[in-house]
Amino acid sequence: MDTCFYPTNHKSTLGPALSSIIYSSTTSWTPYYNFKAAYIDPTILFEDALLRTLSGKRHFVGGLLEIPPHTVYNWHTDTDRHCGLNMLVYDDGQSRCLFAPEGEQVVMPTIELKYKPNTFYVFNTKVPHTVINFTAPRYMFSLEFIGRDYGLTYNELLSDIKELGYGN
Ligand SMILES: [Fe+2]
């Protein structure tokens with residue numbers, strides 16, 4: 001499991017701010033890869049202690065990603081990043097995120113990431129993964145590393161999280 005994802009020990013305080021962005025009529029959603037995305041202002045991100053601490057070491061941007069109901073995001077690895085820091089902000093309990101640690105095959109073992117509320121997960125985007133969403137729009141918060149930290153690996157981010165005291 002640790003090779004696919006890793007839960008931090010931190011309870012994020014961003015939930016209410018992210019929910020109000022999701023439900024605000026003034027939020028601008030733009031097409032981003034296969035999603036609709038909304039950029040989150042750093043002043044909001046840095047209200048969260050983990051993100052504020054991590055920003056002392058790494059450069060990143062944060063956003064919300066929406067997947068519509070009755071949609072599958074097919075098995076893939078991310079092309080432009082090695083890892084992310086993800087938190088499920090809203091689903092109706094009817095979405096699934098699966099990893100295939102042994103690679104994509106016709107029949108393959110999978111590991112489910114069951115998101116706990118208000119919890120950031122270090123996410124290995126280089127292990128094949130899929131999202132299956134059923135009845136409601138699903139909103140994910142995700143960090144992307146930029147500038148000199150573009151290309152940050154899963155193991156490097158995992159070390160940072162542990163070093164900063166947010167490991168389990
Ligand atoms: Fe992905």
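As a rough guide to protection, the peptides 13-23, 152-162 ranked by mean Cβ packing within 10 Å, highest first, stand as 152-162, 13-23. I need the shape label for region 5-163. Rule: rounded when a/c is under 1.5, else prolate if a/b > b/c, else oblate, with a, b, c from the alpha carbon gyration tensor. Note, shape of region 5-163 comes out oblate.
Just to confirm the filter: which trypsin sites (Lys or Arg not before Pro) across region 90-139 are DSSP coil and have at most 11 other Cβ within 10 angstrom of their Cβ? Passing both the DSSP loop test and the Cβ count: LYS114. The modelled label-to-label distance between ASN155 and TYR32, using points 7 Å beyond Cα along the C-beta direction, is 2.9 nm. Contact order for region 1-71, expressed relative to its length and based on alpha carbon pairs under 8 Å spaced 6+ residues apart, stands at 32 percent. Length gained on full extension, ALA17 to MET108, computed as 0.36 nm times the residue gap minus the Cα-Cα distance: 28.9 nm. Other residues within the sphere of radius under 11 Å centred on the Cβ of GLY167, judged by their own Cβ, net out at -2 (K and R +1, D and E -1). Derived scalar couplings between HN and Hα for region 48-53 equal 8, 4, 5, 5, 4, 5 Hz in order, rounded to whole Hz, by the Karplus curve 6.51 cos²θ - 1.76 cosθ + 1.60 (θ = phi - 60°), x for Gly and Pro.
Around the Cα centre of region 3-156, unit charges on the Cβ atoms of Lys, Arg, Asp and Glu (plus for the first two, minus for the last two) sum to a dipole of about 220 debye. For region 85-136, rounded, prolate or oblate, judged on the Cα gyration tensor with a ≥ b ≥ c (square roots of eigenvalues), a/c < 1.5 rounded, else prolate if a/b > b/c? Verdict is oblate for region 85-136. Quick one: net charge of PRO101's neighbours, Cβ under 15 Å, K/R +1, D/E -1? Net charge around PRO101: -3. Considering helices alone, the calculated mean residue ellipticity of the chain at 222 nm is -4500 deg cm²/dmol, with DSSP H runs of length four and up weighted by -39500 (n - 2.57) and normalised per residue. Note: relative contact order over the chain, using C-alpha pairs below 8 Å and six or more positions apart, is 34 percent.
Remark: the ASP80-GLU47 segment gains 9.2 nm on full extension, using 0.36 nm per residue and subtracting the alpha carbon distance.
Here, each number is a calculation from the coordinates, and none is a lab measurement. Since the structure is predicted, the reported quantities are computational estimates derived from the model, not experimental observations. All Cβ positions, glycine included, derive from the backbone under ideal geometry; neighbour counts span all protein chains shown.
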